[in-house]
């Protein structure tokens, strides 16, 4: 630490060059933060998934519905503790840009399956008792200014109602939130019974089932038992853990993680060249000064450490600024597009990864100049000066 | 009997230049008593700076022994030499070799970074060293804000701040005008006479050599002594 004053002075020896290098580091870590948050949003479903919840979808495609009659058979399967269902409503609020998830379901069953969702009991009861009732997540309520007691219209792009139109109306009976900071509440739940009675087609079906297995039950065995029941039927099933379901759902958009990794790989490779060049120039310009340090008694290891610390310091300054700016932008993005991309969030693990990358990149960029400085022969270096 | 600070016995130093081997010092013997002030003169390439480098533990002899105090420099490792230099020898160069990013005060503190002294003690000692060379009021100035003579004084303060017994000066006045050079040489004399520093100074300047107690002539890798009148 007592050398840090010297390190700090050397870092700012060429202010313009150092500032430009720091700017390039900043941009790289800003990108890292943004892409990490996006990547996280796409795999958030898997991260918050409950290991004891299974999802049953139609074997060929999630788009294909399953008969509602499956519910009792699934519930009766050994190892199943509870089951509910949901369907994709596909509506928007007032304007086609105002899209968010809406799912017709059974109120009590749904909230029993998702204990991480918080809703006042009286609101849940009001929701269950009112056929046109619905509950919305806190994120949606805040985004559109919707309150309990409001009657809101939704235009479904999939389901015409009994009138032949696409305009549905729901009474907001409650607002729920999630106790998991990584989870999302950017969706709406409505009564399946009302939906079922009033839709023009598709009656007697649901989009998918969600079930909870009994404690200690073998998830794979339960999943296999369910799929076996419906084998060779017109609607065969594919049962998987909620995490696997969320991952396969996210992969419909492409391998986001791979794309993120490739982009960041290219960015950090370029960054290493830029920072490495800065450090090489910096060492080349002060060969005689480094020789003087050694003359005064600084050991080879000390000189190596000083140059490496300079490199790491540049990375940390730019990296932490970039990460901080990225975090701010993610906060802004979360409030602006959170409804479209719920779960957009910069997790602590990404920040720790970024910190490790900063130190690693600092070492990688500085190691060759530092070795050169360490290996300097005092007599030769002073003679060249 | 005068106590010996440094002794070189049968020292040779050979360099490989391409396919040719060049012997810069040949079977050189030299004894330096404590408190001596030696000027070493001689033509370029005669081995003066090489001799200085060997005395300061910056280089090792190809043959022979270099002993300073209790330390046999020719047998020490790089890290041992680094540690030894930090407390036993101060260097003064022709072109001052101050770090431009540091103030005079911080330049003088540099050798103390290698000690266990805390920040305030380092600052106190650096201030004393700057006062000795007459630059106490320039502590916060950067090298670019100082004249050549002042820079050299800062370099001298840096050389003495850890109180080494031996000062090695390589053309310390080579970049200075006559008047400033005389000031620097008088300062070296004071350090020698009043602060008991043993000084070995390489110079091309006969007037500079006159400030020393004795002058040695280096030629073709050997030394010849001329007593100062």
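The values are calculated or read from the model by the stated rules, or taken from the named source; none is laboratory data. Computed from a prediction, not measured in an experiment: that's the story for all the values here. Quick reminder, even Gly has a Cβ in these numbers, built from the backbone with ideal geometry, and neighbours come from all protein chains shown.
Side notes on the structure shown:
- Residue B:116 satisfies every condition listed in (1) free of Cβ contacts under 8 Å to residues at least 12 places away in the same chain; (2) more than 9 Å from chain A (Cβ to nearest Cβ); (3) under 26 Å from residue A:11 (Cα atoms); (4) in a helix (DSSP H, G or I) except (4).
- In segment B:92-113, of all residues being within 9 Å of chain A (Cβ to nearest Cβ) and assigned to a loop (DSSP other than H, G, I, E, B), the one that is surrounded by the fewest Cβ atoms within 10 Å (Cβ to Cβ) corresponds to B:100.
- Wholly enclosed strands (runs of 3 or more DSSP E) of segment A:166-257 bearing at least 2 residues under 17 Å from the mean Cα position of the chain (by Cα) and outside the structural domain of residue A:142 (by TED's automatic domain parsing): none
- Residue check, residue A:107 surrounded by 17 or more Cβ atoms within 10 Å (Cβ to Cβ), under 21 Å from residue A:199 (Cα atoms) and more than 14 Å from every other protein chain (Cβ to nearest Cβ): yes
- Qualifying strands (runs of 3 or more DSSP E) (wholly inside segment B:159-229; at least 2 residues being in contact with a helix residue (DSSP H, G or I) (Cβ under 6 Å, 6 or more places away or on another chain) and buried (at least 16 other Cβ atoms within 10 Å of the Cβ)): B:166-170, B:198-202, B:214-219
- Subset of segment A:115-124 [assigned to a loop (DSSP other than H, G, I, E, B) and in contact (Cβ under 8 Å) with a residue 24 or more places away in the chain]: A:116, A:119, A:120
- Residues being surrounded by 15 or more Cβ atoms within 10 Å (Cβ to Cβ) and more than 10 Å from chain A (Cβ to nearest Cβ) - total across segment B:70-91: 4
- Hey, residue A:146 at pLDDT 90 or above and within 26 Å of residue A:345 (Cα to Cα) or not: yes
- Exactly one residue out of A:333, A:339 is part of a helix (DSSP H, G or I), modelled with pLDDT under 85 and either under 17 Å from residue A:24 (Cβ atoms) or not assigned by TED's automatic domain parsing to the domain that holds residue A:186 (or both), and it is A:333.
- Looking only at residues of segment A:195-226 that are farther than 24 Å from residue A:107 by Cα and free of Cβ contacts under 8 Å to residues at least 60 places away in the same chain, we find that the one that is surrounded by the fewest Cβ atoms within 10 Å (Cβ to Cβ) is A:216.
- Scanning segment A:135-165 for residues that are in contact with a helix residue (DSSP H, G or I) (Cβ under 8 Å, 6 or more places away or on another chain) and part of a loop (DSSP other than H, G, I, E, B) turns up A:146, A:147, A:148, A:159, A:162.
- Scope segment A:16-32; condition under 15 Å from the mean Cα position of the chain (by Cα) and surrounded by fewer than 22 Cβ atoms within 10 Å (Cβ to Cβ); matching residues: A:31
- The lone criterion from (1) in contact with a helix residue (DSSP H, G or I) (Cβ under 7 Å, 6 or more places away or on another chain); (2) closer than 24 Å to residue A:310 by Cβ; (3) modelled with pLDDT under 95 left unmet by residue B:115 is number (1).
- Residue that is without any contact (Cβ under 8 Å) to a residue 40 or more places away in the chain and in contact with a helix residue (DSSP H, G or I) (Cβ under 7 Å, 6 or more places away or on another chain), where the choices are B:58, B:25: B:58
- Residue satisfying all of: in segment B:127-150; within 13 Å of chain A (Cβ to nearest Cβ) and either in a helix (DSSP H, G or I) or in contact with a strand residue (DSSP E or B) (Cβ under 6 Å, 6 or more places away or on another chain) (or both); farthest from residue A:292 (Cα to Cα) among these: B:144
- Selection count, segment A:125-134, where residues are touching a helix residue (DSSP H, G or I) at 6+ places or on another chain (Cβ under 6 Å) and not in a loop (DSSP other than H, G, I, E, B): 3
- No other residue among B:56, B:35 is crowded, with 23+ Cβ neighbours inside 10 Å, under 22 Å from residue B:197 (Cα atoms) and under 16 Å from the mean Cα position of the chain (by Cα) apart from B:56.
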